[in-house]
2 protein chains.
Amino acid sequence: MRKVVLGLGISLDGYIARADGAVDFLFMPKDYSMGPFFATIDKMGGGDFSGSKMKNYVFSHSQSPGERGGVTFVNESPKPFIEKLRKQPGKNIWLMGGGELARDFLKDDVVDELYIGIVPILIGEGRPLFPSGFPQREFALLENKTFSKGLIALKYARTRKKPKRKV
Amino acid sequence: MRKVVLGLGISLDGYIARADGAVDFLFMPKDYSMGPFFATIDKMGGGDFSGSKMKNYVFSHSQSPGERGGVTFVNESPKPFIEKLRKQPGKNIWLMGGGELARDFLKDDVVDELYIGIVPILIGEGRPLFPSGFPQREFALLENKTFSKGLIALKYARTRKKPKRKV
């Protein structure tokens, strides 16, 4: 099954960006590479990746749905959208957005893995990766690696109770 | 110099407790021990440790200052209080409180080290370790260890620019 991977860099106090959207506090040390991660995915939700070769979906309440400028705008709940996407062949789906988007995905319980890079800085305020307001979600730690300049990279997998499913 | 160590376990979304104060989601695996940490400290701020042999200070706006029931209530800003405490002989000072207490200590920039245990669960809402509203504080990663059941234990040291000081 294609997995939805919420993957982002955050400050030690859990922000993906400053209040004004700046991400100057994030960094990528020389010994860290996103290559292995990129090799596992071919879809993204959110962000501006109009130049990339991946298919990009942008969740938006203000933009009308449809494909324009290299991205596909989406205005529906995560669950039905992801269910459709999972049925199409492809690799994993990168959910590249925190805040309300992450919360909506967690509410719908469609986040399968977390790839989180934590930089060693408290920025004091900003846009949280995990804003409050979703039900409890358990995970299992898959990987914990330390990189230079104090970056740590964590991978978690959602541990759902086995659903009753007809095979 | 005696260091102030902010040391707490948190959920993956940064909470030290649920909204009602429950910490049922936290756990301490068998291969993890707080012994080495306890050996480095002899003071605490916050929490209920009336049975311990450590000297305990409780920051409170509602209780009048003074020693009662095995603890010493404090009603002043962190900085002058910690400056006095640092002048007394002793080991490190454990700041065992998140939320407003941690924010006040970070505002006054008297937090020297962070010892953070992260359990692999998103609880969705609760009492944050680092509530917003303090200036940016840079740290260096000292240690990153993985324990069973997905607990990771992180140690950071504050990296302040060298102060102009008279020696």
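These residues, A:Phe139, B:Phe73, go from largest to smallest accessible area, 1.4 Å probe, as B:Phe73, A:Phe139. Using a 10 Å Cβ count of at most 15 others and DSSP loop calls, identify the longest part of chain B lacking such trypsin sites (Lys or Arg not before Pro). Between the exposed loop sites, the longest stretch runs B:92-159.
Using a 7 Å projection from Cα along Cα-to-Cβ, the label point at A:Lys149 is separated from the same position in the remaining copies by 3.5 nm, smallest value first. Label-point distances for B:Ala19 to the equivalent site in the other copies, using a point 7 angstrom along Cα→C-beta, read 2.4 nm when ranked shortest first. The rotation axis taking chain B to chain A passes closest to this chain B residue's Cβ, listed with the gap in Å: B:Gly14, 2. When the accessible area of each residue in region A:135-155 is compared between its chain alone and the complete protein assembly (1.4 Å probe; ligands, DNA and RNA ignored), which residues differ by at least 40 Å², being lower in the assembly? In region A:135-155, residues shielded by partner chains: A:Gln136, A:Phe139, A:Leu141, A:Asn144, A:Ile152. Mind scanning B:Lys30/B:Lys84; A:Lys30/A:Lys79; A:Lys107/B:Lys149; A:Lys30/B:Lys79 and naming the pairs with a C-alpha gap bigger than 28 Å? Long pairs (Cα-Cα over 28 Å): B:Lys30/B:Lys84; A:Lys30/A:Lys79; A:Lys30/B:Lys79.
Rg and Dmax over the alpha-carbon atoms of chain A stand at 16.0, 49 Å. Accessible-area loss of 30 Å² or more (1.4 Å probe, protein heavy atoms, chain alone versus all protein chains) is found in region A:1-23 for A:Leu12, A:Asp13.
Chains B and A together bury roughly 2400 Å² of accessible surface, counting both sides and using a 1.4 Å probe on protein heavy atoms.
Show me, for region A:10-26, the HN-Hα J-couplings you get by feeding each phi into the Karplus relation (A = 6.51, B = -1.76, C = 1.60, θ = phi - 60°), rounded to Hz, glycine and proline as x. Coupling constants for region A:10-26: 9, 6, 4, 9, x, 9, 8, 7, 5, 4, 8, x, 5, 10, 4, 6, 7 Hz. Here's how it looks for A:Ala17: its modeled amide H is under 5 Å from those of A:Arg127, which are all 5 or more places away or on a different chain. Annotation: per residue accessible area for chain B equals 52 Å², rounded to a whole number [probe 1.4 Å, protein chains only]. Residues whose amide H lies under 5 Å from that of A:Phe73, counting only those 5 or more places away or on a different chain, are A:Val58, A:Gly66, A:Glu67, A:Arg68; hydrogens are built 1.01 Å from N in the peptide plane. Comment: the Cα-to-Cβ extended label point of A:Met1, at 7 Å, lies 5.2 nm from its counterparts in the other copies, nearest first.
Once the convex hull of all Cα atoms in the protein assembly as shown is built, its volume per residue stands at 173 Å³. Rounded to the nearest 20 debye, the dipole size of chain B about its Cα centre is 1000 debye, using +1 on the Cβ of Lys and Arg and -1 on the Cβ of Asp and Glu.
Applying the Karplus relation 6.51 cos²θ - 1.76 cosθ + 1.60 with θ = phi - 60° to region A:28-33 yields 3J(HN,Hα) values of 10, x, 4, 7, 9, 9 Hz, where x marks Gly and Pro. Of the solvent-accessible surface of region A:1-150, computed with a 1.4 Å probe and all protein chains present, 53% belongs to carbon and sulfur. The 3J(HN,Hα) values that the Karplus relation (6.51, -1.76, 1.60; θ = phi - 60°) gives for region B:153-158 are, in residue order, 10, 10, 10, 10, 10, 5 Hz. Gly and Pro appear as x.
In this structure the amide hydrogen of A:Gly97, modeled in the peptide plane, comes within under 5 Å of the amide hydrogens of A:Gly7, none closer than 5 places in sequence on its chain.
The values are calculated or read from the model by the stated rules, or taken from the named source; none is laboratory data. None of the values given here were measured: they were computed from a predicted structure. Counting neighbours? That spans all protein chains shown, and the Cβs are built from the backbone with ideal geometry, glycine included. These accessible areas exclude ligands, DNA and RNA; they are computed on the full protein's heavy atoms, side chains included. Shrake-Rupley method; radii C 1.70, N 1.55, O 1.52, S 1.80 Å.
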